Amino acid sequence: MSMDTPPSTDQPLPASNVEPVAPPIPYLPPAPPPPPAYGPAAYAWRLPKSKNTAVLLAVFLGFQTWMYTYERDAWKFWTCFVVTGVNALLALITVGAWLFVAVPAGFGIWLWAIIDAGARPRQFYDLYPSAY
């Protein structure tokens, strides 16, 4: 076989173990999660709250009943917490003279908590926190 004649076609051409380089695959970061909707996730499930429990908490614990429905009533809890703290501080500073103001204020807060928990419909507690 000489260099001027093509190789015979009855024999396969030698295969090479070198292949062309594949183009690089661009890195695509994973898609960001969708923005959170207001309220709990769609797959989250909570046990319903009980109106009876809320009223009993109000009767025995006063304004701390709003911790039971904190997601909706945080402002009520913190307002009463600050008022109670200021009343206690002023009663200490004035050696009890402020109690003439603090005791009626505390009684009013206690009544507000009981009326607020009792006036809400049962559906509010059944569908909490998405109700109203």
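The values are calculated or read from the model by the stated rules, or taken from the named source; none is laboratory data. This one's a predicted model, so the numbers in the text were calculated from it and none came from an experiment. Note that each Cβ is placed from the backbone with ideal geometry, even for glycine, and that neighbours are counted across all protein chains shown.
Tabulated results
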quantity	calculated
Per-region count, the stretch 79-98, residues surrounded by 13 or more Cβ atoms within 10 Å (Cβ to Cβ), assigned to a loop (DSSP other than H, G, I, E, B) and aliphatic (A, V, I, L, M)	0
Checking Lys49 against (1) surrounded by 13 or more Cβ atoms within 10 Å (Cβ to Cβ); (2) part of a helix (DSSP H, G or I), the condition it does not meet	(2)
Conditions (1) modelled with pLDDT of 95 or more; (2) in contact with a Gly (Cβ under 8 Å, 6 or more places away or on another chain); number of the one not met by Val82	(2)
Output for the stretch 54-72, where each listed residue is without any contact (Cβ under 8 Å) to a residue 60 or more places away in the chain and either surrounded by 18 or more Cβ atoms within 10 Å (Cβ to Cβ) or more than 19 Å from the chain's Cα centre (by Cα) (or both)	Leu56, Val59, Phe60, Leu61, Gly62, Phe63, Gln64, Thr65, Trp66, Tyr68
Residue that is surrounded by 12 or more Cβ atoms within 10 Å (Cβ to Cβ), modelled with pLDDT of 90 or more and in contact with a Cys (Cβ under 8 Å, 6 or more places away or on another chain), where the choices are Ala102, Ala113, Ala117	Ala113
Enumeration of residues in the stretch 87-130 that are touching a residue at least 12 places away in the same chain (Cβ under 8 Å), in contact with a Phe, Trp or Tyr (Cβ under 6 Å, 6 or more places away or on another chain) and among the small types (Gly, Ala, Ser)	Ala113
